[in-house]
Amino acid sequence: MSWSRRSLILSLPLALAACGFQPAYGTKGASGALMGTVRAADPTDKNSFDFVQHFEERLGRPTKAVYQLAYTIKTDAIGAGITPSGAITRYTNTGAMDWTLTRLSDQTRMAGGHIDAFTSYSATGSTVAGQTAQIDANLRLMRMLGDDLVLRLMAASTSFAP
């Protein structure tokens, strides 16, 4: 490896630091300030329970709640694969979530938005297999919404005042 190439590779961390790059998962990263500080609204159904469970896996259970997360989740299963006789063989699960993050100390809205995601599952086979596939698709959908929300919160958290 030539010196110029080696110098370029070794200077990359300096260039990233100069542009304001900060690792999100580092001890002083964006997610560090959110870990254990966001209390999600209590779940009201299976989907919201799965969402909150995954959200807390990502950001930790709230030990010192600084922020309150309010959310509404809407899901719909749409027939996507249809046989010539009209039987549905595949469903697409769509999910939409509106969310707002509020600072508890002064009720200031810190961030909010809308997230969409979708999964699909097969409806062929036995009734039990179809129901299991639907449950799994719902779980995957809630995890996708949770992952997307955590990424958005990490991006927005750099602007939160302490």
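The values are calculated or read from the model by the stated rules, or taken from the named source; none is laboratory data. Small disclaimer: the values here were computed from a predicted structure and weren't measured. Cβ atoms come from the backbone with ideal geometry, glycine included; neighbour counts cover every protein chain shown.
Just checking, does segment 87-100 include any residue being over 21 Å from the mean Cα position of the chain (by Cα) and crowded, with 16+ Cβ neighbours inside 10 Å? So far as segment 87-100 goes, yes, one or more of its residues are over 21 Å from the mean Cα position of the chain (by Cα) and crowded, with 16+ Cβ neighbours inside 10 Å. Counting only helices (runs of 4 or more DSSP H) that sit completely within segment 1-72, zero hold 3 or more residues that are of a type in the set (D, E, K, R) and at pLDDT below 95.
Just to be sure before I move on: is VAL38 surrounded by 14 or more Cβ atoms within 10 Å (Cβ to Cβ) and more than 19 Å from THR108 (Cα to Cα) in the structure I sent?
No, not satisfied.
Against the criterion of being touching a Phe, Trp or Tyr at 6+ places or on another chain (Cβ under 8 Å), aliphatic (A, V, I, L, M), surrounded by fewer than 18 Cβ atoms within 10 Å (Cβ to Cβ) and in contact (Cβ under 8 Å) with a residue 12 or more places away in the chain, ALA80 qualifies.
Cβ separations smaller than 7 Å between residues 6+ apart or across chains give the following pairs from segment 121-146 residues that are at pLDDT below 95 to residues that are surrounded by 13 or more Cβ atoms within 10 Å (Cβ to Cβ) and part of a loop (DSSP other than H, G, I, E, B): GLY130/ALA123. ASP147 falls short on exactly one of the conditions (1) within 19 Å of GLY60 (Cα to Cα); (2) among the acidic types (Asp, Glu); (3) out of contact with any His (no Cβ under 8 Å at 6 or more places or on another chain), and that condition is (3).
Residues that are exposed (fewer than 13 other Cβ atoms within 10 Å of the Cβ), over 13 Å from the mean Cα position of the chain (by Cα) and either in contact (Cβ under 8 Å) with a residue 12 or more places away in the chain or more than 20 Å from ARG143 (Cβ to Cβ) (or both): does segment 46-57 have at least one? Yes; the residues of segment 46-57 include at least one that is exposed (fewer than 13 other Cβ atoms within 10 Å of the Cβ), over 13 Å from the mean Cα position of the chain (by Cα) and either in contact (Cβ under 8 Å) with a residue 12 or more places away in the chain or more than 20 Å from ARG143 (Cβ to Cβ) (or both). Just a yes or no: is a residue in segment 150-160 free of Cβ contacts under 8 Å to residues at least 60 places away in the same chain, aromatic (Phe, Trp, Tyr) and either closer than 22 Å to LEU34 by Cα or assigned to a strand (DSSP E or B) (or both)? No; the residues of segment 150-160 include none that is free of Cβ contacts under 8 Å to residues at least 60 places away in the same chain, aromatic (Phe, Trp, Tyr) and either closer than 22 Å to LEU34 by Cα or assigned to a strand (DSSP E or B) (or both).
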